[in-house]
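Report on the structure given below.
The values are calculated or read from the model by the stated rules, or taken from the named source; none is laboratory data. Values in this document were obtained by computation on a predicted structure and should not be read as measured data. Methodologically, a virtual Cβ is constructed for each residue, glycine included, from the backbone with ideal geometry; neighbour enumeration extends over all protein chains shown. Surface areas here come from the heavy atoms of the whole protein model, side chains and all, with no ligands, DNA or RNA. Shrake-Rupley method; radii C 1.70, N 1.55, O 1.52, S 1.80 Å.
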Amino acid sequence: MPASHETAGSRSVSVSRSAFRRVLAGSTAGAVLEWYDFALYGILAATVLGPLFFPGGDGFAQLLLALATQGLGFVARPIGGIVFGHLGDRLGRKPMLVTTFLLLGLSTSAIGLLPTYSQVGIGATISLVVLRLIQGFALGGEFGAAVLMVSEYGSPKRRGFWSAWPQAGAPLGTVLATAVVGGIALVLPENAFDQWGWRVGFLFAIPLLVIGFWIRRRIDESPVFQEARARATASADAVRERSSILETLAHPGPVLRGLGVRLGENVAFYVYTVFVVAYATKTFGYDKSDVLLAVAVGSLLQFAGMLAGGYWSDLVGRRIAMLVPAAGLAVWAPVFFAVVQADDLPLLYLGIGVGAALHGLLAGPEAAWIAELFPTRRRFAGASLVFQGSSIIAGAPAPLIAVWLAEKQGPTAVVLYLVGTIAVTLVALLLSAETRGTDLNSGSR
């Protein structure tokens, strides 16, 4: 693992291997916890949380309400992105990395201690909503901090590969959540799992929190940020500098391109990991454990795809490395629904696995690409607006829209929804310039 060298004028930033390993481990650990939480909630929302916290109505209504609560977490993410994006560009990446991680881990584990509606009434529903909002708020700054720390520490020539590791926390978190839920369901009788076994999954966040917090406390501040802050301190204009959020919004081009690329990628992720659980079990009668295992296998392929995509983007450039799998996702969408409807388990594995692998190839180069869109003085703000803005326009409504379309209009409508959002991704990529080789430490950007 080579040390990182970024040149800014006559100055050079060097990073030791041990420092980079800590950054990589700490950032990836946070991303795993982040996506463990969201995958866990998505799995349980599609199975047990609806009746426990949203009584009354039919099963479909309870499922929609449970998934809508998942969406509330997404609503808070842009707010967290704005707050932590501003603070991260002013105070540094490390304080945000530690603070957001603590908030995320504590709120996740607290869900495992909540009483249900049958025990305390509407207070249970309100408490769940509040904790989801806290999770979303913390997550709004956590992922941007994790990605930027690796991007600003890593070797420029291999930035795509190293920055893909925090991205790969998503499938690792999904695999972990699926394994935990599957293991609990395997050990406990179904009635015990529905009554209290689901809590174990949320409480499992506690050891993840302890390990991740210990690693992140030992991380040094980004050397690229330290260089930029030193230049700003020496500048006579430093005291008049606007909020990095406002400055980023005053130059909206990179944010709009980032949101466009993330639109189809986000929708594809939630279709292949969250929606498919409810769709396959409730519409076609697949066994829940079979579907969860298929998602876990798909997530492993997604993980490999992300690292491969990041590595490939260092060789051929970010645009082509994302254009190819995005086009592949559009082609695969109708095939996926056809194989799911075949009511054949090996075909279900194939449908989820190929879709997840293509998504990984698309998402892998994104972290480096988004970091390269913005100058250091507003990189945290810009990256947070892209990552978390896309969560509210794409990630939050995706499972809800897909479930509703499948129930009311049929699978063809979901295919059109998926292909339409991927088309936006393709257009945004075609309108974007290549960013590979960008000097993140340049004061002129």
Q) Hey, any idea what % of the stretch 264-315's accessible area is carbon plus sulfur with a 1.4 Å probe? A) 66 percent
**Q.** Tilt relative to the chain, helix 253-270 - C-alpha long axis, 0 to 90 degrees, to 10
**A.** 30 degrees
Q: Would you mind putting 158-168, 298-308, 426-436 in packing order, based on average other-beta-carbon counts within 10 Å, highest first?
A: 158-168, 298-308, 426-436
Q. Suppose every K and R has +1 on its Cβ and every D and E has -1 on its Cβ; what is the size of the dipole of the chain about the Cα centre, in Debye to the nearest 20?
A. 1420 debye
**Q.** Exposure of Ile219 as accessible area (Å², to 10), given a probe of 1.4 Å and all protein chains
**A.** 0 Å²
Q. Relative contact order for the stretch 323-445: what is it in percent, counting Cα pairs under 8 Å that are at least 6 residues apart?
A. 38 percent
Q: For Thr435, list long-range residues whose amide hydrogen, built 1.01 Å from N in the peptide plane, is under 5 Å from its own amide hydrogen.
A: Arg318, Arg319
**Q.** Cα-projected label distance for Asp220 with Leu203, points at 7 Å along beta-carbon direction, nm
**A.** 4.1 nm
**Q.** the stretch 206-223 - phi-based ³J(HN,Hα) in whole Hz, Karplus 6.51/-1.76/1.60, Gly and Pro as x
**A.** 5, x, 4, 5, 5, 5, x, 5, 4, 5, 5, 5, 8, 7, 8, 4, 4, x
Q: For every helix of n ≥ 4 consecutive DSSP H residues, a contribution of -39,500 (n - 2.57) applies; sum these over the chain, divide by its total residues, and give [θ] at 222 nm rounded to the nearest 500 deg cm²/dmol.
A: -25000 deg cm²/dmol
Q: Can you tell me how much longer the chain between Val187 and His251 gets when fully stretched, taken as 0.36 nm per residue apart minus their C-alpha distance, in nm with one decimal?
A: 17.6 nm
(Q) Could you give each residue of the stretch 293-307 its phi-based ³J(HN,Hα) in whole Hz, using Karplus coefficients 6.51, -1.76, 1.60 with θ = phi - 60°, and x for Gly or Pro? (A) 5, 4, 5, 5, 4, x, 5, 5, 5, 5, 4, 4, x, 5, 5
Q. Solvent-accessible area per residue for the stretch 301-386 at a 1.4 Å probe radius, Å²?
A. 28 Å²
Q) Can you list residues whose amide H is under 5 Å from Ala168's amide H, if they're 5+ apart or on another chain and H is modeled 1.01 Å from N? A) none
**Q.** 20 Å Cα-Cα reach of Lys408 towards lysines, excluding residues that sit fewer than 8 places from it in its own chain
**A.** Lys282
Q: Could you tell me whether the stretch 296-337 comes out rounded, prolate or oblate from its Cα gyration tensor? Rule is a ≥ b ≥ c as square roots of the eigenvalues, rounded for a/c under 1.5, then prolate if a/b exceeds b/c, otherwise oblate.
A: oblate
Q. Ordered by residue, what ³J(HN,Hα) values in Hz, to whole numbers, does the stretch 377-383 give under the Karplus form 6.51 cos²θ - 1.76 cosθ + 1.60, where θ = phi - 60° and Gly and Pro are x?
A. 5, 9, 6, 5, 4, x, 5
